[in-house]
1. Just checking, which of Val77, Val34, Val91 is modelled with pLDDT of 95 or more and farther than 24 Å from Arg302 by Cβ?
2. Does Ser342 meet the test of being among the small types (Gly, Ala, Ser) and buried (at least 17 other Cβ atoms within 10 Å of the Cβ)?
3. Within region 148-159, identify whether any single residue is assigned to a loop (DSSP other than H, G, I, E, B), modelled with pLDDT of 95 or more, under 20 Å from the mean Cα position of the chain (by Cα) and closer than 30 Å to Ile210 by Cβ, and answer yes or no.
4. Taking region 192-209 as the search range and keeping residues that are in a strand (DSSP E or B) and either among the aliphatic types (A, V, I, L, M) or without any contact (Cβ under 8 Å) to a residue 60 or more places away in the chain (or both), which one is nearest to the ligand (Cβ to nearest atom)?
5. In region 119-137, is there at least one residue being without any contact (Cβ under 8 Å) to a residue 12 or more places away in the chain and not small (Gly, Ala, Ser)?
6. So which residues in region 34-89 are assigned to a loop (DSSP other than H, G, I, E, B) and free of Cβ contacts under 8 Å to residues at least 12 places away in the same chain, if there are any at all?
7. May I ask you to verify whether Ser241 is modelled with pLDDT under 95, among the small types (Gly, Ala, Ser) and more than 21 Å from Thr81 (Cα to Cα)?
Amino acid sequence: MCTTKPFFDPLHLTELSFDALMEWLLSRSTTELVSLAQQVCAETYGNKVFLRGLIEFSNECLCDCLYCGIRKSNHKVQRYTMSDEEIIETVKKGLSFGFKTFVLQSGEYRRELPERMARLLYQLRQITGEDVAFTLSCGVYPREVYREWKKAGANRYLLRFETSDESLFAHLCPGKTLSKRLQALDDLKAEGYVVGSGFMVGLPGETVAIRLRNVLLCRELQLEMVGIGPFLPHPDTPLASESPLPIEETIRTTALLRLLLPWANIPATTAAGSLHPQGREMMLAAGANVLMPNITPTEKKRHYLLYPNKICLDEDGWECLSCLSLRVASVGKAISFERGESILRRNTQ
Ligand code: SAH
(Lines give C-alpha, C1' and ligand atoms only; values in the text may rest on other atoms or scores of the structure.)
Protein backbone atom coordinates (compact mmCIF):
# COMPACT_ATOMS: atom_id res chain seq x y z
CA MET A 1 0.00 0.00 0.00
CA CYS A 2 1.09 3.51 -0.61
CA THR A 3 0.07 5.42 2.46
CA THR A 4 3.07 6.76 4.31
CA LYS A 5 5.69 7.29 1.63
CA PRO A 6 6.94 10.89 1.61
CA PHE A 7 6.14 12.43 -1.76
CA PHE A 8 8.29 14.69 -3.80
CA ASP A 9 7.39 18.32 -3.63
CA PRO A 10 9.51 20.16 -6.17
CA LEU A 11 8.59 23.65 -4.98
CA HIS A 12 8.53 22.77 -1.25
CA LEU A 13 4.95 23.96 -1.15
CA THR A 14 3.95 21.39 1.47
CA GLU A 15 6.37 22.96 3.92
CA LEU A 16 4.33 26.17 3.85
CA SER A 17 1.62 26.93 6.41
CA PHE A 18 -1.93 27.26 5.10
CA ASP A 19 -1.68 31.07 5.19
CA ALA A 20 1.70 31.14 3.48
CA LEU A 21 0.46 28.77 0.78
CA MET A 22 -2.58 30.98 0.25
CA GLU A 23 -0.35 34.03 -0.05
CA TRP A 24 1.94 32.22 -2.49
CA LEU A 25 -1.03 31.17 -4.59
CA LEU A 26 -2.66 34.59 -4.67
CA SER A 27 0.56 36.27 -5.72
CA ARG A 28 1.08 33.93 -8.71
CA SER A 29 -0.34 34.80 -12.11
CA THR A 30 -2.24 32.07 -13.94
CA THR A 31 0.49 31.98 -16.61
CA GLU A 32 3.09 31.37 -13.92
CA LEU A 33 1.08 28.61 -12.24
CA VAL A 34 0.37 26.92 -15.55
CA SER A 35 4.00 26.98 -16.61
CA LEU A 36 5.18 25.48 -13.28
CA ALA A 37 2.52 22.76 -13.44
CA GLN A 38 3.40 22.03 -17.07
CA GLN A 39 7.01 21.34 -16.11
CA VAL A 40 6.02 19.00 -13.29
CA CYS A 41 3.56 17.14 -15.53
CA ALA A 42 6.19 16.76 -18.26
CA GLU A 43 8.59 15.26 -15.71
CA THR A 44 6.07 12.75 -14.40
CA TYR A 45 3.94 11.85 -17.43
CA GLY A 46 5.88 13.27 -20.39
CA ASN A 47 3.48 14.42 -23.09
CA LYS A 48 1.12 11.46 -22.65
CA VAL A 49 -2.63 11.82 -22.25
CA PHE A 50 -4.31 8.60 -21.10
CA LEU A 51 -7.76 7.74 -22.42
CA ARG A 52 -10.63 6.30 -20.38
CA GLY A 53 -13.85 5.20 -22.07
CA LEU A 54 -16.72 6.63 -20.00
CA ILE A 55 -19.98 4.67 -19.95
CA GLU A 56 -22.81 6.42 -18.13
CA PHE A 57 -24.84 3.27 -17.69
CA SER A 58 -27.72 4.61 -15.57
CA ASN A 59 -29.13 7.98 -14.52
CA GLU A 60 -31.31 6.49 -11.78
CA CYS A 61 -30.50 8.20 -8.49
CA LEU A 62 -31.88 8.20 -4.96
CA CYS A 63 -29.86 11.25 -3.95
CA ASP A 64 -31.10 14.80 -4.10
CA CYS A 65 -27.91 16.85 -4.32
CA LEU A 66 -28.87 20.46 -4.97
CA TYR A 67 -26.37 20.94 -7.82
CA CYS A 68 -27.05 17.78 -9.81
CA GLY A 69 -29.25 17.58 -12.90
CA ILE A 70 -30.16 13.93 -12.33
CA ARG A 71 -31.21 14.46 -8.68
CA LYS A 72 -34.17 12.43 -7.54
CA SER A 73 -36.51 15.45 -7.45
CA ASN A 74 -35.91 16.39 -11.07
CA HIS A 75 -38.96 14.77 -12.60
CA LYS A 76 -38.14 16.09 -16.06
CA VAL A 77 -35.35 13.53 -16.40
CA GLN A 78 -36.14 10.54 -18.57
CA ARG A 79 -34.61 7.74 -16.49
CA TYR A 80 -32.69 4.87 -18.13
CA THR A 81 -30.48 1.97 -17.19
CA MET A 82 -28.47 0.19 -19.87
CA SER A 83 -28.86 -3.58 -20.01
CA ASP A 84 -25.88 -5.86 -19.32
CA GLU A 85 -25.81 -6.72 -23.02
CA GLU A 86 -25.68 -3.06 -24.01
CA ILE A 87 -22.82 -2.37 -21.58
CA ILE A 88 -20.91 -5.44 -22.77
CA GLU A 89 -21.38 -4.40 -26.41
CA THR A 90 -20.11 -0.90 -25.61
CA VAL A 91 -17.04 -2.30 -23.85
CA LYS A 92 -16.36 -4.66 -26.78
CA LYS A 93 -16.54 -1.77 -29.19
CA GLY A 94 -14.20 0.20 -26.92
CA LEU A 95 -11.72 -2.67 -26.93
CA SER A 96 -11.75 -2.69 -30.72
CA PHE A 97 -10.85 1.01 -30.68
CA GLY A 98 -7.93 0.27 -28.34
CA PHE A 99 -9.32 1.43 -24.97
CA LYS A 100 -7.68 -0.24 -21.97
CA THR A 101 -9.67 1.51 -19.25
CA PHE A 102 -13.42 1.83 -18.86
CA VAL A 103 -15.27 3.96 -16.35
CA LEU A 104 -18.75 2.73 -15.43
CA GLN A 105 -20.65 5.63 -13.92
CA SER A 106 -24.21 5.97 -12.62
CA GLY A 107 -26.35 7.70 -10.04
CA GLU A 108 -26.86 5.91 -6.74
CA TYR A 109 -29.62 3.31 -6.85
CA ARG A 110 -28.73 1.19 -3.92
CA ARG A 111 -31.20 -1.66 -4.06
CA GLU A 112 -30.54 -3.42 -7.32
CA LEU A 113 -27.00 -2.40 -8.16
CA PRO A 114 -24.71 -4.43 -5.83
CA GLU A 115 -25.55 -7.89 -7.19
CA ARG A 116 -26.06 -6.78 -10.72
CA MET A 117 -22.72 -4.98 -10.90
CA ALA A 118 -20.86 -7.98 -9.49
CA ARG A 119 -22.43 -10.25 -12.13
CA LEU A 120 -21.65 -7.79 -14.89
CA LEU A 121 -18.01 -7.37 -13.81
CA TYR A 122 -17.47 -11.16 -13.81
CA GLN A 123 -18.80 -11.28 -17.36
CA LEU A 124 -16.70 -8.32 -18.48
CA ARG A 125 -13.54 -9.85 -16.99
CA GLN A 126 -14.12 -13.05 -19.00
CA ILE A 127 -14.02 -10.94 -22.14
CA THR A 128 -11.16 -8.58 -21.36
CA GLY A 129 -8.69 -10.67 -19.35
CA GLU A 130 -6.46 -8.83 -16.89
CA ASP A 131 -5.08 -6.25 -19.31
CA VAL A 132 -7.96 -3.87 -18.94
CA ALA A 133 -8.80 -1.65 -15.94
CA PHE A 134 -12.39 -1.14 -14.81
CA THR A 135 -13.16 1.98 -12.83
CA LEU A 136 -16.48 2.29 -11.04
CA SER A 137 -18.16 5.57 -10.12
CA CYS A 138 -21.49 4.65 -8.59
CA GLY A 139 -21.49 6.45 -5.23
CA VAL A 140 -21.39 5.33 -1.59
CA TYR A 141 -21.99 1.67 -0.73
CA PRO A 142 -21.18 -0.52 2.28
CA ARG A 143 -17.63 -1.83 2.40
CA GLU A 144 -18.79 -5.42 1.70
CA VAL A 145 -20.27 -4.28 -1.60
CA TYR A 146 -16.98 -2.66 -2.61
CA ARG A 147 -15.26 -5.94 -1.67
CA GLU A 148 -17.58 -7.99 -3.89
CA TRP A 149 -17.10 -5.64 -6.82
CA LYS A 150 -13.32 -5.79 -6.36
CA LYS A 151 -13.43 -9.58 -6.30
CA ALA A 152 -15.55 -9.54 -9.43
CA GLY A 153 -12.97 -7.52 -11.33
CA ALA A 154 -13.13 -3.81 -10.50
CA ASN A 155 -9.75 -2.06 -10.13
CA ARG A 156 -10.40 1.60 -9.50
CA TYR A 157 -13.13 3.76 -7.95
CA LEU A 158 -14.02 7.41 -8.40
CA LEU A 159 -15.96 9.13 -5.65
CA ARG A 160 -15.62 12.89 -5.42
CA PHE A 161 -15.91 14.40 -1.95
CA GLU A 162 -17.41 17.44 -3.78
CA THR A 163 -16.33 19.96 -1.09
CA SER A 164 -14.08 19.65 1.95
CA ASP A 165 -16.40 21.87 3.98
CA GLU A 166 -18.64 19.77 6.19
CA SER A 167 -21.52 22.22 6.54
CA LEU A 168 -21.49 23.19 2.86
CA PHE A 169 -21.57 19.48 1.98
CA ALA A 170 -24.50 18.86 4.35
CA HIS A 171 -26.38 21.79 2.82
CA LEU A 172 -25.76 20.71 -0.80
CA CYS A 173 -26.33 16.99 -0.29
CA PRO A 174 -29.41 16.56 1.91
CA GLY A 175 -29.33 13.39 3.99
CA LYS A 176 -25.63 12.78 3.32
CA THR A 177 -22.50 13.65 5.27
CA LEU A 178 -18.95 14.42 4.27
CA SER A 179 -17.63 12.02 6.90
CA LYS A 180 -19.56 9.09 5.36
CA ARG A 181 -18.11 9.94 1.99
CA LEU A 182 -14.58 10.12 3.39
CA GLN A 183 -15.22 6.81 5.19
CA ALA A 184 -16.19 5.29 1.85
CA LEU A 185 -12.90 6.51 0.36
CA ASP A 186 -11.04 4.85 3.26
CA ASP A 187 -13.00 1.63 2.73
CA LEU A 188 -12.14 1.63 -0.97
CA LYS A 189 -8.47 2.09 -0.23
CA ALA A 190 -8.56 -0.68 2.38
CA GLU A 191 -10.19 -3.00 -0.17
CA GLY A 192 -7.29 -2.40 -2.54
CA TYR A 193 -8.84 -0.06 -5.08
CA VAL A 194 -6.92 2.65 -6.87
CA VAL A 195 -8.88 5.54 -5.42
CA GLY A 196 -9.93 8.77 -7.08
CA SER A 197 -11.85 11.69 -5.68
CA GLY A 198 -12.16 15.41 -6.27
CA PHE A 199 -14.49 18.36 -6.13
CA MET A 200 -16.36 20.99 -8.06
CA VAL A 201 -14.81 24.43 -8.43
CA GLY A 202 -17.08 27.33 -7.54
CA LEU A 203 -19.97 25.66 -5.75
CA PRO A 204 -22.25 28.35 -4.30
CA GLY A 205 -20.96 28.98 -0.78
CA GLU A 206 -17.38 27.92 -1.60
CA THR A 207 -14.75 30.42 -0.46
CA VAL A 208 -11.18 30.72 -1.71
CA ALA A 209 -10.05 29.12 1.57
CA ILE A 210 -12.41 26.15 1.08
CA ARG A 211 -11.06 25.69 -2.43
CA LEU A 212 -7.49 25.56 -1.14
CA ARG A 213 -8.58 23.12 1.57
CA ASN A 214 -10.16 20.97 -1.17
CA VAL A 215 -6.78 20.70 -2.88
CA LEU A 216 -4.99 19.98 0.40
CA LEU A 217 -7.52 17.26 1.24
CA CYS A 218 -6.72 15.59 -2.09
CA ARG A 219 -3.07 15.50 -1.07
CA GLU A 220 -3.86 14.31 2.46
CA LEU A 221 -5.89 11.45 1.00
CA GLN A 222 -2.95 10.65 -1.30
CA LEU A 223 -5.34 10.23 -4.19
CA GLU A 224 -4.09 8.53 -7.30
CA MET A 225 -6.78 10.14 -9.44
CA VAL A 226 -8.23 13.60 -8.94
CA GLY A 227 -11.26 14.77 -10.89
CA ILE A 228 -12.26 18.40 -10.72
CA GLY A 229 -14.45 20.59 -12.87
CA PRO A 230 -16.35 23.83 -12.70
CA PHE A 231 -19.77 23.82 -11.03
CA LEU A 232 -22.32 24.52 -13.77
CA PRO A 233 -25.84 25.51 -12.65
CA HIS A 234 -28.54 23.22 -14.03
CA PRO A 235 -31.86 24.97 -14.83
CA ASP A 236 -33.99 22.24 -13.20
CA THR A 237 -32.23 22.34 -9.83
CA PRO A 238 -32.53 24.64 -6.80
CA LEU A 239 -29.21 26.23 -7.85
CA ALA A 240 -30.54 27.30 -11.26
CA SER A 241 -29.99 31.02 -10.66
CA GLU A 242 -26.36 30.70 -9.54
CA SER A 243 -23.43 31.53 -11.83
CA PRO A 244 -20.33 29.50 -12.57
CA LEU A 245 -16.89 30.98 -11.89
CA PRO A 246 -14.76 31.87 -14.93
CA ILE A 247 -12.80 28.91 -16.37
CA GLU A 248 -9.60 30.51 -15.07
CA GLU A 249 -10.39 29.36 -11.52
CA THR A 250 -10.59 25.73 -12.65
CA ILE A 251 -7.32 26.16 -14.54
CA ARG A 252 -5.52 27.65 -11.53
CA THR A 253 -6.86 24.87 -9.33
CA THR A 254 -5.72 22.22 -11.82
CA ALA A 255 -2.22 23.69 -11.82
CA LEU A 256 -2.09 23.72 -8.02
CA LEU A 257 -3.25 20.11 -7.90
CA ARG A 258 -0.47 19.09 -10.27
CA LEU A 259 2.08 20.92 -8.11
CA LEU A 260 0.86 19.37 -4.87
CA LEU A 261 0.06 15.90 -6.24
CA PRO A 262 2.70 15.41 -8.95
CA TRP A 263 1.92 11.67 -9.08
CA ALA A 264 -1.82 11.93 -9.70
CA ASN A 265 -3.80 11.11 -12.81
CA ILE A 266 -5.83 14.25 -13.44
CA PRO A 267 -8.52 14.30 -16.14
CA ALA A 268 -9.32 17.31 -18.28
CA THR A 269 -13.03 17.12 -17.64
CA THR A 270 -16.09 17.47 -19.84
CA ALA A 271 -17.46 20.13 -17.46
CA ALA A 272 -14.45 22.35 -18.29
CA GLY A 273 -15.09 21.78 -22.01
CA SER A 274 -18.74 22.67 -21.47
CA LEU A 275 -17.93 25.96 -19.72
CA HIS A 276 -15.33 27.05 -22.28
CA PRO A 277 -14.74 25.72 -25.82
CA GLN A 278 -11.03 25.23 -25.01
CA GLY A 279 -11.58 24.27 -21.37
CA ARG A 280 -10.13 20.77 -21.70
CA GLU A 281 -7.09 21.95 -23.64
CA MET A 282 -6.50 24.59 -20.98
CA MET A 283 -6.67 21.93 -18.26
CA LEU A 284 -4.24 19.72 -20.21
CA ALA A 285 -1.86 22.66 -20.53
CA ALA A 286 -2.15 23.23 -16.76
CA GLY A 287 -1.10 19.70 -15.82
CA ALA A 288 -4.04 17.40 -16.54
CA ASN A 289 -3.00 14.13 -18.23
CA VAL A 290 -6.21 12.14 -18.80
CA LEU A 291 -9.24 12.43 -21.09
CA MET A 292 -12.48 10.53 -20.70
CA PRO A 293 -14.33 10.35 -24.03
CA ASN A 294 -17.98 9.60 -23.43
CA ILE A 295 -18.69 6.31 -25.24
CA THR A 296 -22.22 5.92 -23.83
CA PRO A 297 -24.65 5.20 -26.71
CA THR A 298 -25.92 8.54 -28.02
CA GLU A 299 -29.61 7.89 -27.31
CA LYS A 300 -28.74 7.30 -23.63
CA LYS A 301 -26.12 9.92 -22.93
CA ARG A 302 -28.43 12.82 -23.74
CA HIS A 303 -30.37 11.90 -20.59
CA TYR A 304 -27.30 11.96 -18.33
CA LEU A 305 -27.30 15.70 -17.90
CA LEU A 306 -25.58 16.55 -14.63
CA TYR A 307 -25.28 20.12 -15.92
CA PRO A 308 -26.50 22.01 -19.02
CA ASN A 309 -24.72 22.50 -22.36
CA LYS A 310 -22.80 19.26 -21.99
CA ILE A 311 -20.53 18.84 -24.99
CA CYS A 312 -20.35 15.95 -27.48
CA LEU A 313 -23.95 14.84 -26.84
CA ASP A 314 -24.88 14.35 -30.47
CA GLU A 315 -21.67 12.74 -31.57
CA ASP A 316 -20.91 9.15 -31.15
CA GLY A 317 -18.05 8.72 -28.63
CA TRP A 318 -16.05 7.04 -31.40
CA GLU A 319 -16.20 10.17 -33.55
CA CYS A 320 -14.81 12.10 -30.60
CA LEU A 321 -11.52 10.25 -30.84
CA SER A 322 -10.19 12.08 -33.89
CA CYS A 323 -11.40 15.41 -32.56
CA LEU A 324 -9.67 14.70 -29.24
CA SER A 325 -6.37 13.78 -30.93
CA LEU A 326 -6.32 17.21 -32.57
CA ARG A 327 -7.20 18.98 -29.34
CA VAL A 328 -4.47 17.11 -27.48
CA ALA A 329 -1.94 17.87 -30.23
CA SER A 330 -2.81 21.57 -30.01
CA VAL A 331 -1.19 21.68 -26.55
CA GLY A 332 1.84 19.62 -27.59
CA LYS A 333 0.63 16.35 -26.08
CA ALA A 334 -0.30 12.97 -27.57
CA ILE A 335 -3.00 10.42 -26.80
CA SER A 336 -1.82 7.17 -25.25
CA PHE A 337 -3.84 3.95 -25.17
CA GLU A 338 -1.85 2.56 -22.23
CA ARG A 339 -3.70 1.49 -19.10
CA GLY A 340 -2.09 4.52 -17.49
CA GLU A 341 -1.44 3.68 -13.84
CA SER A 342 -0.42 6.62 -11.67
CA ILE A 343 3.30 7.16 -11.15
CA LEU A 344 2.72 6.33 -7.50
CA ARG A 345 1.56 2.80 -8.25
CA ARG A 346 4.33 2.20 -10.74
CA ASN A 347 6.87 3.13 -8.07
CA THR A 348 5.36 1.06 -5.30
CA GLN A 349 4.33 -2.18 -7.02
N1 SAH B 1 -23.13 8.77 -8.34
C2 SAH B 1 -21.72 8.95 -8.56
C3 SAH B 1 -21.44 9.80 -9.79
C4 SAH B 1 -21.87 11.23 -9.64
S5 SAH B 1 -21.87 12.18 -11.10
C6 SAH B 1 -21.10 9.52 -7.31
O7 SAH B 1 -21.82 9.85 -6.38
O8 SAH B 1 -19.88 9.59 -7.25
C9 SAH B 1 -20.19 12.66 -11.22
C10 SAH B 1 -19.82 14.05 -10.75
O11 SAH B 1 -20.46 15.06 -11.50
C12 SAH B 1 -20.21 14.38 -9.32
O13 SAH B 1 -19.35 13.79 -8.41
C14 SAH B 1 -20.13 15.92 -9.32
O15 SAH B 1 -18.88 16.37 -8.86
C16 SAH B 1 -20.31 16.29 -10.81
N17 SAH B 1 -21.49 17.15 -11.00
C18 SAH B 1 -22.76 16.92 -10.61
N19 SAH B 1 -23.54 17.99 -10.86
C20 SAH B 1 -22.73 18.93 -11.42
C21 SAH B 1 -22.93 20.28 -11.88
N22 SAH B 1 -24.12 20.87 -11.80
N23 SAH B 1 -21.88 20.95 -12.37
C24 SAH B 1 -20.66 20.36 -12.47
N25 SAH B 1 -20.40 19.11 -12.04
C26 SAH B 1 -21.43 18.39 -11.52
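The values are calculated or read from the model by the stated rules, or taken from the named source; none is laboratory data. Note that the structure is predicted; figures quoted are calculated from it, not measured. All Cβ positions, glycine included, derive from the backbone under ideal geometry; neighbour counts span all protein chains shown.
1. Working: Val77 fails: farther than 24 Å from Arg302 by Cβ; Val91 fails: farther than 24 Å from Arg302 by Cβ.
Of the residues listed, the single one that is modelled with pLDDT of 95 or more and farther than 24 Å from Arg302 by Cβ is Val34.
2. yes
3. The answer is yes; a qualifying residue exists.
4. Once the filter is applied, the top-ranked residue is Met200.
5. yes
6. If the condition is that a residue be assigned to a loop (DSSP other than H, G, I, E, B) and free of Cβ contacts under 8 Å to residues at least 12 places away in the same chain, then Gly46, Lys72, Ser73, His75, Ser83 are the ones that fit.
7. For Ser241, the condition - modelled with pLDDT under 95, among the small types (Gly, Ala, Ser) and more than 21 Å from Thr81 (Cα to Cα) - is not met.
This table checks each residue for (1) over 19 Å from the mean Cα position of the chain (by Cα); (2) more than 10 Å from the ligand (Cβ to nearest atom); (3) among the acidic types (Asp, Glu); (4) under 26 Å from Cys320 (Cβ atoms).
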| residue | (1), (2), (3), (4) |
| --- | --- |
| Gly98 | yes, yes, no, yes |
| Ser106 | no, no, no, yes |
| Leu113 | yes, yes, no, no |
| Arg116 | yes, yes, no, no |
| Gly139 | no, no, no, yes |
| Thr163 | no, no, no, no |
| His171 | yes, yes, no, no |
| Gly175 | yes, yes, no, no |
